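Below: the structure, in structure tokens.
The values are calculated or read from the model by the stated rules, or taken from the named source; none is laboratory data. In this text the structure is predicted, and so the values were computed from the model without any measurement. Cβ coordinates were reconstructed from backbone atoms using ideal geometry, including for glycine residues, and neighbour counts include every protein chain displayed. Heavy atoms of the whole protein, side chains included, go into the accessibility calculation; ligands, DNA and RNA do not. Shrake-Rupley method; radii C 1.70, N 1.55, O 1.52, S 1.80 Å.
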Amino acid sequence: MRDGSLIYREAFLNGLKPDPDLSVSQWADMYRMLSNKASAEPGPWRTDRTPYLREIMDCMSANSPVQKVVFMAGAQLGKTEGINNVVGYMIAHAPGPALFVQPTIEMAKRLSKQRLDSLIHETPCLAEKVAPARSRDSGNTMFSKEFPGGILLLTGANSATGLRSAPCRWVLLDEVDAFPSDVDGEGDPCALAERRASTFSRRKIILTSTPTVKEMSRIETEYLASDQRRYYVPCPHCDHMQWLQWKNLQWRDGDPRTAVYVCESCGTHIQEHYKSEMLRKGEWRSTATSQDPRTVGFHLSSLYSPLGWKSWEEIVGEFLRAKNDAPLLKTFVNTVLGETWEEETGAKLGAEGLSERAEFYPAGEVPDGASVLTAGVDVQDNRVAIGLYAWGRDEECWLISHTEIYGDPAGQKLWDQVDDLLLRDYPHANGGRVKVSAVGCDSGGHYTSEVYAYARGRKGKGIFALKGQSVRNKPPIGKPSRVDINYKGQVLKNSAEVYPVGTDTIKSTLFGRMKHNEAGAGYIHFHAEAGQEYFKQLTAERQIVRYVKGFAIREWKKKAGDRNEALDCFVYSYAALHFLYMRFNRSTIFEQFERGIAKKEKNANTSEELAKEPIESPYRPPQRRLRRRTPSFVTSW
Ligand SMILES: [Zn+2]
């Protein structure tokens, strides 16, 4: 197609001045030749073959306001040639000092010998500008290429000397996830290289990589700080624009040949032959606001690989071979999906980090700021663990106590001791008293009927039986179901209730919050006396990724033999808070409870007596009624 602007540009280029508006993709379409040595499709470059590269390359054009491009991608998308186009454009059209960084010096050598030499050699307008490497004073060596108006320096991220070169307007950082985290004790090689460009107001920086492990991935960190563009393509059947996701790729009977893409809008199966048309009609859309408006980020999986390169069938085949082998699956997730691998989300947390930020506040007392007390009960074969947590506005949280009581869950003595902890009230820092408002008891172990019976008799105290559901996207707590139980052969008049609890959802929430570093909304305060064992149990689980029918399932797992009751109790305690949300106005519950404590403060002299009151146990008739009804701020159940 020869439109007016193209003719104008050609005239411009045949004339004396370079066209200031020529973009990288236009330059590549006009001049770039692919050699048969380095390319499977030799001949003139056509951006139309990989339409998604157009915008990425053009952000590197001299007239684009973008200063930094982040490109996180899978394999077989033409990424390497896209970068070669940027290098060619720079040499031919926008010369200046440039630094091209590979993960190692060795890889920089290979880049120079294989990629750059053929790029320059095969593209006539570049060959004119860079002298052949043979002559000694050609300015063309393994690690530097001179050309009119500029120089291209090549180095490895493992060489601080190379990264400390002269100022550079162009900085190209390739495969940044393979860069060392520190180079020769001088810090982050990316930062060192980017600093080279800091004096240029019209600098151009591009970072590309296949991602690696979650939270250790440079490219993902950079992408998440960017405007997070995704390539939206239309469904050929309903025109709905969507970005291609692995979860929508489907196949039958373990046969990769049946692979189709299922439209997220109309559900129609899209055959792969539509891909060329879809890519041509696609467009990049940002999905976030960039921290720096001059930084743009692109993410692309191999699902977009053009016809004839990497097919959906091959991708499914690769997945089926990898799915039962963690290292293979990691490679698949990184290089095909272009996504980070989440080995152990919790690993970074670690018991140590949490215990280090533990605080001193009076033990067993509800601190200022907290007004709601909830507990979680986990029943083991020879003990019961109870986690008691206080909550304040915006779910700021304080660990009050974590207690283990040894005994036989089939006997009454153990449950009496549980009552001692749960049915008494606790002093508040402001002088008031606070009752435990809700208690979630896990019924999932070997003592289901005992837990049912315990909770059933204490419904009025906010004590309920729960059953954990380790399924994603479940609400923290769901609607209860009735369970008819035979307790010691007797059919009880009233059936017990059990509440489903979305343990995975809650764990994700709590683990996310454990990373918060500042007190306030969602912050978790840990008591300094909690001890290493508590923190060890709290962080015993890790999130892992498993694939079921091609869908990524993230689930929480603990190592065999590790104890995790502290985490379970915390989870149930949080479920108990949500149990209260079903009964109180969620937006005012904390204020409501605060008023209740303030009211009690006036009657503080009664708290001594209250503490001595006998505790009701449904296993025997109450010995006597409570002497006085406390001015309760908890409505009856
Ligand atoms: Zn559709």
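The listed residues are Q76, Q102, and the only one of them that is in contact with a helix residue (DSSP H, G or I) (Cβ under 6 Å, 6 or more places away or on another chain) and on the phi > 0 side of the Ramachandran plot turns out to be Q76. All conditions but one from (1) under 29 Å from I219 (Cα atoms); (2) modelled with pLDDT under 95; (3) more than 16 Å from the ligand (Cβ to nearest atom) apply to E264; the one that does not is (3). Residues satisfying the criterion are present in the range 338-347 (criterion: of a type in the set (D, E, K, R), open to solvent by 10 Å² or more (accessible area, probe 1.4 Å), under 30 Å from S217 (Cβ atoms) and in contact with an Asp or Glu (Cβ under 9 Å, 6 or more places away or on another chain)). Just one of A62, A73 is crowded, with 17+ Cβ neighbours inside 10 Å, of a type in the set (G, A, S) and closer than 19 Å to R169 by Cβ; which is it? Among A62, A73, only A62 is crowded, with 17+ Cβ neighbours inside 10 Å, of a type in the set (G, A, S) and closer than 19 Å to R169 by Cβ. The set of residues in the range 33-57 being more than 29 Å from the chain's Cα centre (by Cα) and open to solvent by less than 40 Å² (accessible area, probe 1.4 Å) consists of L34, S35, S39, G43, W45, T47.
Considering only the range 460-478, state which residues are modelled with pLDDT under 90 and touching a Pro at 6+ places or on another chain (Cβ under 9 Å). Passing the criteria: Q469, K474, P475.
This table checks each residue for (1) modelled with pLDDT of 95 or more; (2) of a type outside the set (V, I, T).
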position	(1), (2)
M1	no, yes
L13	no, yes
M33	no, yes
A38	no, yes
Y52	yes, yes
D58	yes, yes
K68	yes, yes
I83	yes, no
V86	yes, no
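The residues listed here are K507, K557, K536, K515; of these, the one that is at pLDDT below 90, open to solvent by less than 30 Å² (accessible area, probe 1.4 Å) and basic (K, R) is K507. Checking K275, K330 one by one, the residue that is charged (D, E, K, R), more than 16 Å from the ligand (Cβ to nearest atom) and either crowded, with 16+ Cβ neighbours inside 10 Å or over 26 Å from S64 (Cβ atoms) (or both) is K330 and no other.
Of the residues D253, D292, the single one that is open to solvent by 40 Å² or more (accessible area, probe 1.4 Å), on the phi < 0 side of the Ramachandran plot, charged (D, E, K, R) and away from the ligand (no atom under 16 Å from the Cβ) is D292. Taking every residue in the range 309-330 that is of a type in the set (D, E, K, R) and pairing it with any residue that is surrounded by 18 or more Cβ atoms within 10 Å (Cβ to Cβ) and assigned to a helix (DSSP H, G or I), at least 6 positions away or on another chain, the pairs with Cβ-Cβ distances below 7 Å are K310/S302; E318/F332; K323/L329. Between residues in the range 253-273 that are charged (D, E, K, R) and residues that are within 10 Å of the ligand (Cβ to nearest atom) and modelled with pLDDT of 95 or more, which pairs lie under 7 Å by C-beta distance while being six or more apart or on different chains? Hits for this filter: E264/Q242.
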